[in-house]
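To start, the structure under review is shown below, and the notes come after it.
The values are calculated or read from the model by the stated rules, or taken from the named source; none is laboratory data. Here the structure is a predicted model, which means the values were calculated and not measured. Cβ atoms come from the backbone with ideal geometry, glycine included; neighbour counts cover every protein chain shown. Note: areas computed on protein heavy atoms with side chains; ligands, DNA, RNA excluded. Shrake-Rupley method; radii C 1.70, N 1.55, O 1.52, S 1.80 Å.
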Amino acid sequence: VPVPEVESFEQLNRYLETRCREDLKRRLRGQKVPKGELLKEDQAVFLKLPPAFEACRQVSTQVDKLSLVRFDRNDYSVPVRYAHLEVTVKGSVERVWICRKDQVLAEHNRLWVKEAIAFEPLHYLELLERKPGALDQAKPLAEWQLPMCFHQLRNRLESEEQCWGTREFIRILRLLEKYSMVRVERAVQQALKLRHCHRDVVAQYLYEEEPVTSFSLEGREHLKGVYVAAPDLTRYIELMGGIIS
């Protein structure tokens, strides 16, 4: 009292922590020491915390044929390859995780309305690559806001290859499964400068940004003494029947 006015849960948590710490300095009626001192006496007899504790609600359920999982009267998408599998849903105040064994299949912001659907467009690209004709009717992609360069790329591909251009465009979208939107957008913009901009062309610009790895013998002393003899090229003459052209 009064009800605090805050802009986020983070701000509310900071406010509550501050007020709670201030309240520990207050002395209750009939007590000789502040609440903070009484808390220390209680903590001395507290039970130990369990070794692992997740502050979330967990339910076991199954992914349906639309690659959706229902949790608290809302639906959340997972990649289509996990349809019909048993999963565990973990819901916190802000996030929802859909897991199978130790693997997190999908993660969403938690919906607090009812009967809503949280789609992740990337979850459905694998299926659309096999059925490119459904790209414009796919509900999971209906509200997906792509940069303008992606639309330019699609128009160019479809004008050059028609139905195969749509499939190629979806293959390019699937690069977003591994790379960030910023990096793929930059690669698409570079590819648009070329006359032909297929998936492999776009991917090439992404590979150029990958860190270059090198092999070093440092710390591998047992390999430094390895000797590989030069091959005897006369063996090839024998394979050719002794004939040298």
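Quick one: angle between helix 181-192 and the longest Cα principal axis of the chain, in degrees between 0 and 90, rounded to 10, please. It works out to around 30 degrees.
Evaluated at q = 0.13, 0.16, 0.17 Å⁻¹, a Debye calculation over the C-alpha positions of the stretch 110-245 (equal weights, vacuum) places log10 I(q)/I(0) at -0.69, -0.84, -0.91.
Computed on the chain, the Cα convex hull volume stands at 343 Å³ per residue. The charge dipole of the stretch 49-184, taken about its Cα centre with unit charges on the Cβ of Lys, Arg, Asp and Glu (plus for the first two, minus for the last two), comes to roughly 180 debye. The trypsin sites (Lys or Arg not before Pro) of the stretch 59-148 meeting both criteria, a DSSP state outside H, G, I, E and B (loop) and at most 14 other C-beta atoms within 10 angstrom of the site's C-beta, are 65, 73, 101, 114.
Here residue 48 is the anchor, and the lysines within straight C-alpha reach of less than 25 Å, apart from those fewer than 8 places off in the same chain, are 35, 40, 90.
How tilted is helix 148-161 with respect to the longest principal axis of the chain? Cα atoms for both, answer in degrees (0 to 90, nearest 10). Computed tilt is about 30 degrees.
Phi angles of the stretch 2-14 translate, via the Karplus equation with coefficients 6.51, -1.76, 1.60 and θ = phi - 60°, into HN-Hα couplings of x, 4, x, 10, 10, 9, 7, 5, 4, 5, 5, 5, 5 Hz per residue; Gly and Pro are given as x.
Projecting the Cα atoms of 55, 96, 236 onto the charge dipole of the chain (Cβ charges, centred on the Cα centre) puts 55 farthest toward the positive pole.
The residues packed around residue 110, meaning those with a beta-carbon under 9 Å from its beta-carbon, carry a net charge of -1 if Lys and Arg are +1 and Asp and Glu are -1.
About its Cα centre, the dipole of the stretch 3-125 is roughly 540 debye, where the only charges are +1 on Lys and Arg Cβ and -1 on Asp and Glu Cβ.
Scattering from the C-alpha atoms of the stretch 73-132 alone, worked out with Debye: what is log10 I(q)/I(0) at q = 0.20 1/Å? Taken in order of the listed q values, log10 I(q)/I(0) reads -0.79.
Sorting 161, 7 by accessible area puts them as 7, 161; the probe is 1.4 Å, largest comes first, and only protein heavy atoms count. Inter-label distance, residue 117 to residue 99: 2.7 nm, where each label sits 7 Å from its Cα along the C-beta direction. The protection proxy used here, the mean number of other Cβ atoms lying within 10 Å of each residue, ranks peptides 133-141, 37-45 as follows, highest first: 133-141, 37-45. Note on the stretch 91-175: Kirkwood hydrodynamic radius from all Cα pairs is 14.8 Å, rounded to one decimal.
If R0 is 51 Å, what FRET efficiency do you get for residue 22 and residue 62 from their C-beta distance, rounded to 0.05? Result of the calculation: an efficiency of 0.60.
Dividing the helix sum by the residues of the chain, where each DSSP H run of 4 or more adds -39500 (n - 2.57), gives a mean residue ellipticity at 222 nm of -10000 deg cm²/dmol.
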